[in-house]
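A quick write-up on the structure given underneath.
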Amino acid sequence: MNKEICVIDDDYIYQLIIEKIIRRAAIFVKSTAYRNAGHAFQRFKDPEFPLPHLILLDINMPLMDGWEFIAKLSSCRPNLRNETKIYIVSSSIATADKLKAASFKEISGFLSKPVSVQKLKEIGGKI
Amino acid sequence: MKESKSGFYIFRKIFSRSRLAGIFSFLFFCFLGYFLLWQRFQIMNERELQEMSNIINLVENNVEQSLQNSYSVALSLALLIDNEGNIENFEEVAPHMVDGNPNIDVVQLVPGGIITKVYPLEGNREVINYNILQEESLKREANKAIETRKIYFAGPFELKQGGMAVIGRLPVFIRNEFWGFSAVIIKLENLFRQSGLKKLAGGKYQFQFSKIDVLTGDEVFFLPEIKNLNKSYSKSVILPDGDWKFYIASKNSNEILFLMLPVAFIILILAAWLGWIISKELEQPVKLQELLMKKTGELVQSELKFRTIFDQAAIGIARLDSISGNILETNTKYRELLGYTAEELTRFDYMQLTHPEDIQEDYNNMQRINSGEITEFAINKRIIKKNGDIGWVKLTVSTLRENGLGPEEHVALIEDITEKRLSELNLNKSYQMVMDQNKRLLNFSFIVSHNLRSHSSNIQAILNLYELAECEVEKESYVQLLSKVGVALDQTLFDLNEVVTIQANTDLVVKPLLVSDYLKITLDLLQVQIQKKKAIIRQEIPEEMLVKFNPAYMESVLLNFLSNALRYSDHQRTPEILISGTCEEGSWVLEISDNGIGIDLDRHGKQLFGMYKSFTDSPQSRGIGLFITKNQMDAMGGRISVESMVNVGTTFKLHFK
């Protein structure tokens, strides 16, 4: 199975780290990264565009934050829930954020940074 | 003290005016009643005497009449005697005289004192040849007739032939020679009958009939009825022809007195009753007056009590006219609170003493109370004192007096709550301040944890990878990554430090700063960027624009806004920045307007001043500048407002305290 993963996070260092973790997990054949949610949305909003199997999404980002990204994408792709698994990955440990994440049916889970190789393998394995 | 008082009271009670008046009126009515009674008694007495006198007079007349008749008979009889002393035709004439005359019973001719002729002979035979001049008991009276040469009625005495009678003896003289008597006998009962005594007196009076004894000169009574003749209740008449005396007296001389006794008793009762009534009548006002005095005393006491409460009350009290709202009366505290004198206050209505902003509420409540919707209300309002100070009071208004139509007067209570209110306001301010601070701290702690955590999680992740690294080259790359995290962490810590510095610094130097001076310095600093962007800077800062601010903050704030304006300029047009200063409601407002890319306030408005909130892709945009600026303005008591339109421009307004 050709599993694809996408990371949307504005943290440049995190991007470098997660890239290595993905490589270490070795269950994804393709990995894409966006430091701007808006750019990712532009790419994903076309319903014809095949979404990656797993999206790791940050919340706090300039211009478009994680919530906005999901809301917009959901309106463009009503079947979003079945097309991809979206995990919130945030350095936030605030309960409010976790609760908010739980209220989105499109969100499959909430992960606090740092994401370990083990965790990634576990999530990736479910797909 | 008490005893003497009660003693005096009893004295007063007994000899109170009303009682004295009662006693005097009792005496007066007694006197009046008895005087009238006495008058009446006198009149009745006089009338009785008059009546008795009339009766006696009648009796006298009748007796005289009778005696006159007897005299006539005696004279007629005497005419039967001729000059020689011989008696002629006695037997023929005498019956005519006696039988036709009811006044007399018997006639006699007594020549030389010897009764020779008697008519009627029947029943009188014994007296024939009886010499009366030889009889001691008769001789004196007979002689009296001879001496006086007039008829003289003797007796009454017991007749020789039986029965009581009087004898009228007419002495007969022939040629001046005593011849004898012509005598007429009237039986006593006949005489009384003739006198009309019984008839006249009825049962009311009693009579007595007396004669002065010729021998002894004593008065001899012939009737048994009257035992003690009290002269004041009798009337007597003296008949000289017989030396007789008739007495009349009331059978019961005390009858009038007895008649009057019940009346006297009634008068006594009546006078006592009148006295009592008068005393009571007089007592009534006295009692009423006493009651009035008592009540007045109580009222005065009560009034005094309430007056004291009113005057000494720790809250201000005023009476108000319901309709006009005029102040009618105030207490000391009320005047103290407002600083006006009592006289001055009566010239005000409540609205003139109320802060303009609170008049409406007060007025509305007064309208509601006047319409009867409510009977009282309590509000907090501001008053304007005489010296112009404004004080806070708790006002309670309630209806004091009503007429049929509605409330007439109100009582307003004002309690000075200025200090309470001020401390309340201060407390609110402090609370707001603490809440703001708390909010900021919470925000800050969140920022700290969030931003530091992003670094720590990165470090953790790198170290995990490091442990899993299979070759030195890979390990080396992680160390390099780690050093990048270190730099970023350092930057974050620096930013946080700056924020902490602002928020912790509560006693910063604040002094009046000329905005134009600081603007000049800032623009000098930005000279390079301005030239690079070819930006047009327009300044409209009044020379006098002087704000109280910390100098370093002023530089920081101006630098932040101006560099932002330059940084987020639209590449398609020449940047234009307008810096102007205006005075709004006594506070200075600095306006920095650009024609840059603008901010979507609908999306980012809430986060605009948040830490690490950036709204562009620019790597220079770290989301720290506005955050710090905002904090600095907050610390100086100012605020920032923003207007922006995407692709048109942004205007920040700095409102200085």
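The values are calculated or read from the model by the stated rules, or taken from the named source; none is laboratory data. None of these values were measured; they are calculated from a predicted model. All Cβ positions, even for glycine, are placed from backbone atoms using ideal geometry, and neighbour counts span all protein chains on display.
Annotations
- The criterion of at least 3 residues that are farther than 15 Å from B:Lys385 by Cα and not aromatic (Phe, Trp, Tyr) is met, among helices (runs of 4 or more DSSP H) falling completely within the stretch B:295-371, by B:356-370.
- Residue check for B:Val98: touching a strand residue (DSSP E or B) at 6+ places or on another chain (Cβ under 6 Å), touching a residue at least 60 places away in the same chain (Cβ under 8 Å) and surrounded by 14 or more Cβ atoms within 10 Å (Cβ to Cβ): no
- Sub-7 Å Cβ pairs linking a first residue in the stretch B:592-607 that is assigned to a helix (DSSP H, G or I) to a second residue that is modelled with pLDDT of 85 or more and among the hydroxyl-bearing types (Ser, Thr, Tyr), at least 6 apart or interchain, are B:Leu601/B:Ser644, ordered by first then second residue.
- Which listed residue is under 19 Å from B:Asn443 (Cβ atoms) and not basic (Lys, Arg), from B:Leu558, B:Leu608: B:Leu608
- Test: residue in the stretch B:515-530 that is within 30 Å of B:Gly596 (Cα to Cα), out of contact with any helix residue (DSSP H, G or I) (no Cβ under 9 Å at 6 or more places or on another chain), assigned to a helix (DSSP H, G or I) and of a type in the set (Val, Ile, Thr): yes
- Counted residues, the stretch A:33-69 - those being within 15 Å of A:Gln15 (Cα to Cα) and not basic (Lys, Arg): 12
- Subset tally (residues that are at pLDDT 70 or above and at positive phi) for the stretch B:185-241: 2
- For the residues A:Lys85, A:Lys72, the requirement of being closer than 28 Å to B:Ser457 by Cβ, of a type in the set (Lys, Arg) and more than 14 Å from every other protein chain (Cβ to nearest Cβ) singles out A:Lys85.
- Qualifying residues in the stretch B:480-509 (those that are surrounded by 13 or more Cβ atoms within 10 Å (Cβ to Cβ) and more than 21 Å from B:Ser449 (Cα to Cα)) - the one nearest to the other protein chains (Cβ to nearest Cβ): B:Leu481
- Identity of the residue in the stretch B:614-645, of a type in the set (D, E, K, R) and surrounded by fewer than 20 Cβ atoms within 10 Å (Cβ to Cβ), that ends up farthest from the other protein chains (Cβ to nearest Cβ): B:Arg639
- When B:Gln437 is tested against the conditions (1) at pLDDT 85 or above; (2) assigned to a helix (DSSP H, G or I); (3) within 29 Å of B:Gly623 (Cα to Cα), the lone failure is (1).
- Top-ranked residue of the stretch B:282-327 - restricted to ones that are in contact (Cβ under 8 Å) with a residue 12 or more places away in the chain and closer than 30 Å to B:Gly33 by Cα, ranked as nearest to the chain's Cα centre (by Cα): B:Val286
- Selection count where residues are within 17 Å of B:Ile104 (Cα to Cα) and either part of a strand (DSSP E or B) or among the acidic types (Asp, Glu) (or both), scope the stretch B:147-197: 22
- Within the span defined as the stretch A:55-67, one or more residues are out of contact with any Gly (no Cβ under 6 Å at 6 or more places or on another chain), away from chain B (no Cβ under 14 Å) and in contact (Cβ under 8 Å) with a residue 12 or more places away in the chain.
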